[in-house]
1. Would you mind stating whether B:GLY220 is more than 19 Å from the chain's Cα centre (by Cα) and surrounded by fewer than 18 Cβ atoms within 10 Å (Cβ to Cβ)?
2. Which residue pairs have Cβ atoms under 6 Å apart, sit 6 or more places apart or on different chains, and have a first residue in the stretch A:347-371 that is away from every other protein chain (no Cβ under 13 Å) and a second that is of a type in the set (Gly, Ala, Ser)?
3. Filter the stretch A:543-568 for residues that are assigned to a strand (DSSP E or B) and touching a Gly at 6+ places or on another chain (Cβ under 8 Å); which is nearest to the other protein chains (Cβ to nearest Cβ)?
4. Out of the stretch A:660-700, which residues are in a loop (DSSP other than H, G, I, E, B) and either within 14 Å of chain B (Cβ to nearest Cβ) or not aliphatic (A, V, I, L, M) (or both)?
5. Could you tell me which residue of the stretch B:165-198 is nearest to B:SER262 (Cα to Cα), considering only residues that are away from chain A (no Cβ under 14 Å), surrounded by fewer than 20 Cβ atoms within 10 Å (Cβ to Cβ) and of a type outside the set (S, T, N, Q)?
6. Kindly indicate whether A:GLY475 is within 14 Å of another protein chain (Cβ to nearest Cβ), of a type in the set (Gly, Ala, Ser) and either in contact (Cβ under 8 Å) with a residue 40 or more places away in the chain or in a strand (DSSP E or B) (or both).
7. Which is without any contact (Cβ under 8 Å) to a residue 60 or more places away in the chain, buried (at least 17 other Cβ atoms within 10 Å of the Cβ) and assigned to a strand (DSSP E or B), of A:TYR714, A:TYR757?
Amino acid sequence: MVDGVPRSGLDYNVQMIEQISVQKDLLTSILYGGQAKNGLIYITTKRGEPLKKTLNFTLTSGVNKAIRYPEFLSSSNYMTLYNEALANDGLSAKYLQADIDATASGQDPVRYPDEDYYNSTYLKNFSSYFNFVGEAGGGNEVAQYYLNVGWNRNTSFLKIGEGGNEKNDRLNVRGNVDYRLNDVIKIRFDAAVIFNILNQPRYTTAGTDFWTLSSTLYPNSAPVLIPVSLMKDETLLGAAKLIDNKYILGGTSEYQTNIYGELTKNGPTQINNRLLEMNVGLDFNLNSIVKGLTASVFFTYDLQNVFRTDIMNSYAVYTPVYVADTISSWKKPGVDVKVNTQTLSDISFSRRNGLYGKADYHILSGDHEITLNALGYFDQYALEGVLQPLKHLNFGIRANYNYMNRYIAELTGVVSGSVKLAETKKWAISPGLGLAWVVSEESFLNGNPPIDYLKLRTNLALTQNDEGLPLYFPGHDIYTASTSYPYNYGAGSNASYIISLGNPNLGFEKRLNYTLGFDGILLNNKMTIEGSYFFYKTYDVITRRINSLPTYFGSYYYENYGSYRNQGIELGLGYTESVGDVVVRLGGNFVYSLPKMLAVDELNYKDAYRKATGKPTDAMFGFIALGLFSDQTEINNSVPQTFGTVKPGDIKYEDLNGDAVIDDLDQKMIGNSHARAEYSLNLSLKYKSFEFFALTTGQAGQDTYFNNSYYWIYGNRKYSETVLNRWTPATASTATYPRLTTLSNDNNFRNSTYWLYKNNWFTLQTVQLTYSLPGMIAGMKEARVFVRGNNLLTISKIKDKSELNIGTAPQTRFYSLGISIML
Amino acid sequence: MRRYIILFLVILSINLVSCEDLINPKEDNVLSEEQLLFSSIYTEGLLMKAYTALPNDYYFETDVASDDAVSNDPASVYRSLAVGNWKATNNPISQWSYAYENIFYINKFLSVYENVIWSSDPNLTAEVNVLRNTLHKKRLKGEAYGLRAYYKWLLLQYHSGVSKGGQLLGFPIIDQYLTPDDNWVLPRNTFAQCVASIFADLDVAIANLPKQWVDLPAGGNNGHINATSGARFNNRINGNTALALKARVALLAASPAFSASSGVTWEQAATIAGPLLKDLGSLYAKGRVFYAEKSNKEILWNRSELQKRTWEQNNFPPSLYGYGRTNPSQNLVDAFGMKDGYPIAVSGSYDPTKPYTDRDPRFYDYIVYNTSKLKTVVINTYIDAPSNGINELLTSTRTGYYLKKFMSESVKLDPGSSVNSAHNYTLVRMTELLLNYAEAANEAWGPADDRNGYGFTAKSLIADLRKRAGIGQPDAYLESITDAAGLRALIHNERRIELCFEGFRFWDIRRWNEVNTMQAPVKAAFITDNAGIYSYTYSNIEERKFDANMIYGPIPYSETVKYNLEQNQGW
């Protein structure tokens, strides 16, 4: 939520933010309706202050270094192992030993290619980052202004052609003006414009890029670059588009994609994302009517436009045809095309407008303090091409009573309307109650030195929201047109109509929240401590009970059925100490949570271990792997596995239900996909003009599969170094990977403990050293220089796997240097 | 001061005024039931939904899991099914949810169509509108029952079987529109009850539909009949189609795997098929390649044509830019006899060094073999032949053959200059009806017995079929067969060849109880080229891992745990 309007926080730079608060306090967040059911991050942006002129510039420059790249096998290794896989499947070898040897020798890389894409031909050592922000603010008692201009650029690791030009630029301009019309009314106006421009190479096949291609193109399918001296055919040579005047692109009709060609000869793509945000509001100071009463009203309008332009060039590749040992002819799949016009595509528009009204009343009379807030808002989000805009309408009231700053009680009530539900179910009330006791104000604790402040708090709230509803449910059966059936050889056609079954009882999803906790300040304001126990239960989740109702109406009938809960504890600690000239600040946070699924649509399995109900909501179901079969005798003596023919070297599973067959029912919960414990530690040291800051984060209790195309290798996937440890009759005792295969092998490649790992890690997230220079030039108030590193170190047993990205840009360590000047 | 109060209150009230309307969705074209039934076109849309769900493309799903073909796609679920992955929990050919969903729509249609006004043309008199209304309803009733019977047949073929309790069961018959509030806990009906239910539905269809969709000559009420059931309804189910479907279901019920308790005998099956066959007359001369035309005498029910090239994209050889997915097996190739009508094992004219010369003319129509031409391009499938050679590329054949049947040679797949062509998907055709009758009549009465006086016998029909196929006349091999067992083997083989790749083979070997054929491995032709002289080696390339109980398909596991639905034995 930004200044009271729901927006995406991703479009802001840090400098324009005055304050961020994370509202886990349910009673505040539910005032904002169902969208805030998981809590609220409230951002207040900077505004000009009267008689305080500010002018700041910040420049940051940094580099990213890739942590690790995938390692795929060389051509000769791949060819040898692929032959082994074929032999395992009972098929004849594809590659002749003579060809494998010729490839291994590397003597003729055009005829026997061995291509690797993770080297300096294609990739730079560093990708760069650059950020500039300038802000200015000021004004007088009547009018204030603030302006923030920023530019941010990221480049990629690609080196050649359009890859070298790959970059993401973000420009934003934000301004606001406050104008006090008179003692009662103040006008606020905010406007922001954000442009996001992404330049990248154009890839022939949608959804591919350098990272996906480099993890799927075989090393031996075709040479990337062929020296032009090998082409003796004059006509072809004349028509060819040369690379550096020295090479032509290599490829075959089956493997026509050439990464060098994709990056240098395919044309560029540019994706533009433009966002405009505007608020206009009035703040009313109504103290003259009723003391303590203020109100405000504002109107927002956001507009976003995204589109893509491509220059659709293309390239031809050349295949040399060998007769004996010489090139007799060439084949030329593809065409060289150079286009001068841009093609526009992927255009989308969206618009959001909203109207907000707020009234606050505050009165302090002796020991009694009463605060009343009333909030009403309506907003609407329309996406071009989607008929129904998303609408929200909420009215909320909060009453807070504070007695002697010692006993606090709060009551909230929110009425929400849903655009998606039937008439009779459209409105819902979400109540909340909160109580707090500032124990430190009590006589028995007051003045007690170790405890400066201690508050105990609890709250209970029921929120109702319709965010999870995928469709509109008017409560009765509805029919919509689907495709047509053409008949009479196309001369006639009638549309078909699809039913969606109505459920007149379908209502909001509900969530019951309860927290109990304390906040404390101890040891003469040196230590802060907070902790709480939280519990929440979500129920009446909209579900289709496809696994309980017969198939034909299960997929049309929605009910309020699902429920799940989560509970846990949160702890936060902070400690500040001065040791001589050094100020030390330590902080830490810890969260532990236990989720549980209470009701979910699933098959009525006979065995409890197979059911998801009663297990954590993030339970991962899979097979228990007992190892690899060592020989046919072992297979014959084991329980039959029903996932296809099993051979020595395949994974052996455990029969959990004792029915003498391994099938889908022999799965149980083998892990959970979210962390149970998450923690962070931070340290800040301040000495004279130097400040040092370090932040570490960590988690425990998460399990993860490594089952993408790098680890599960079968069929036509590219062979990575993980297969070097595969099972063969000779290496049976030390193998860590099943036998190779060229088929799909449903037996081995399914989720089981064989592919499961514990993902506990501890990372040094940020380290920053800042030096403040005193004002040296006239007018310059302060200057700061800083050096920062991000993601510097990870301690984890599986970091060689978890730090590796396949098919996407690599994970990086980030080092940056910056300077900030305040004038 | 007062001005500001008023201003404030005005602004606050803007928030509250007509808040009901603010939170209503926009008007859209979603209909309530009342609105749907108000228009006949919308109501018919419920029936149309069951029509649009009909298949429109050949993917040869069950054919690549039979001994007729393999798929060269390692990710193909049908290939996986054939090598041991066919399970109740994972059945890629399951028709259960597909068929029941469409039966659900047809039942809804049948529950509402009676009260809808089907004809209300202001340009016609009231009496004419009433007449047309009645005629429309009659036709729609026939179509709905006929289409429902089609979906029930899918359930029967793919899911019926001997249950764990030992009874031959079908599927739960659902003939009314059920909602989640009704009692939907229905047990499986017996096979015989299901067959009777399908027959009953088809009888209603036959009684209410014209035999064919043709326009009658002008005069009397014919104009109204044409408007309500004339040629404009082609590609929808008609009387002949319904009767042909009845013959198909009867044949299934009379087959050895089901006849024990189906209540249908071979004689009954023959008596159902015979009259329609007599009515249709002689075979269409160009029926071998019936798919090349959008409509002809051979096709009883097909879909409207679509301009596309998907079938060719999937099955053309790699040198023609296709994916070569469906590869006919050596087993199927060996089933094609010689031009002189004799099987290759018996014929004196079969030359193992030149196995593709002088074969049954249907072989040349349906199969692309080594050195044959497709689109004037010579396709070589010998070992190491560039692109098209066996196992050469990921998209090359695994058996040495590519599919030619159903492929249109006017399609071009070249990237950048592709050309579509019209394709019609055929659901019911006359040759199948002929083979159904021949099989039933032969089993019931023998090869040369015209018990009911239709004017043909099993043997005479097979003779006509082989003559149309181009087998050299006189057909000495057929003449030499005089007993039912011999003709049965020939009928089974003719059926395999004629109806190849139309989804029949997989289920035919099962209803004949031929466990050995079901489990027979698939063979391929490995051809070596020695400067134009080809030598042939045949070896197994894919197993067919089916247990004996897989004569019958499974009930989906998920359905058996929703309530106590009995599963078939062995699944």
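1. Taking the combined requirement at face value, the residue satisfies it.
2. A:ARG351/A:ALA382; A:TYR361/A:GLY292; A:HIS362/A:GLY292; A:ILE363/A:GLY292
3. Checking each candidate, the answer is A:ARG544.
4. The answer is A:ALA660, A:VAL661, A:ASP663, A:GLN667, A:SER673, A:HIS674, A:ARG676, A:LYS688, A:SER689.
5. Within the stretch B:165-198, the match that is nearest to B:SER262 (Cα to Cα) is B:ALA192.
6. Yes: the conditions hold for A:GLY475.
7. Just one listed residue meets the conditions, A:TYR757.
Yes/no matrix, rows are residues, columns are (1) farther than 30 Å from A:VAL133 by Cα; (2) of a type in the set (A, V, I, L, M, F, W, C):
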{"position": "A:PRO729", "(1), (2)": "yes, no"}
{"position": "A:TYR757", "(1), (2)": "yes, no"}
{"position": "A:SER772", "(1), (2)": "no, no"}
{"position": "A:ILE798", "(1), (2)": "yes, yes"}
{"position": "A:SER802", "(1), (2)": "yes, no"}
{"position": "A:ASN805", "(1), (2)": "yes, no"}
{"position": "A:PRO810", "(1), (2)": "no, no"}
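The values are calculated or read from the model by the stated rules, or taken from the named source; none is laboratory data. Remember, predicted model here, so these are calculated numbers, not experimental data. Using ideal geometry, Cβ is built from the backbone for each residue, glycine included, and neighbour counts are taken over all protein chains shown.
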